[in-house]
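The structure under discussion appears below in the form of structure tokens.
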Amino acid sequence: MNDCRDAKMRTPGNHSTIPGYISRMIFSRRNTEAKSPDKASIGALYDKHAPWLLGVCLRYTGNREDAEDVLHDGFMKIIRSIESFQEKQTGSLEGWMRRIMVNTALNHTRDHKKEKLFAEPDQVQESLQDADDHDDFGGCDLTREQLMDLVCALPAGYRAVFNLFVMEDYTHKEIGELLGISENTSKSQLSKARNFLRKRLFEYQNQKKYAEAESNR
């Protein structure tokens, strides 16, 4: 997988105004005193935050093309809403933008998936099996790109719940309300996601041991 910073990203075409106090808070004086401060501020905002926001989008969509679509749509929402941003009310700018991207990514996944994303568990016990286990990936020397590949390989429903629970620190109740599913379904999806990742990690470790054994012959 290529680094997110190398992705070709579309530059937003919206010319909305970013309030001066937000520009001063985010950008350097050189940027805010440009001849076209509105366009310069928007461009600087995009250049500064788009790379890591694309990484957030990629974790939810599972592929670069959809991630770039989500980044574009999400950034349009950020530009349209930034005048209403209040740090005391909505937290940090980065956290606010991250929430917008996550919600945009989830909506994109729901809109573009024909099959049902979340199957209700057949039994309550299934959903409770290991939903509260800690992720134990110790001893694996995977690169960041390899870990991203594993997350992207998760089925869409598993991936959404895994990201919300593990990466965003949502509770199963919050995930259920956000995705319109039961808490047990959220727990079941997380359990299956973790089992999927454990299986892939086990396969990776076996392949690595085999390669090392071959090289030592």
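Which order results if Ser186, Ser81, Ser41, Ser92 are arranged by neighbouring Cβ count within 10 Å, fewest first? Intermediate results must be reported in sequence, preceding the final value.
Working: Ser186 29, Ser81 14, Ser41 24, Ser92 9.
Ordered by Cβ neighbours within 10 Å, fewest first: Ser92, Ser81, Ser41, Ser186.
Please list 3J(HN,Hα) in residue order for the range 190-202, calculated via the Karplus relation 6.51 cos²θ - 1.76 cosθ + 1.60 where θ = phi - 60°; whole Hz, with x for glycine and proline.
Using θ = phi - 60°, the values come out as 5, 4, 5, 5, 5, 5, 4, 5, 4, 4, 5, 5, 4 Hz.
Residue by residue, what Karplus-based ³J(HN,Hα) values in Hz, rounded to whole numbers, does the range 45-50 have, using 6.51, -1.76 and 1.60 with θ = phi - 60° and x for Gly and Pro?
Values per residue, Gly and Pro as x: 4, 5, 4, 6, 10, 4 Hz.
Bear in mind that the values in this text are calculations on the coordinates, not laboratory data. As the structure is a prediction and not an experimental result, all values here were calculated from the model. Please note: Cβ atoms are built from the backbone with ideal geometry, for glycine as well, and neighbour counts cover all protein chains shown.
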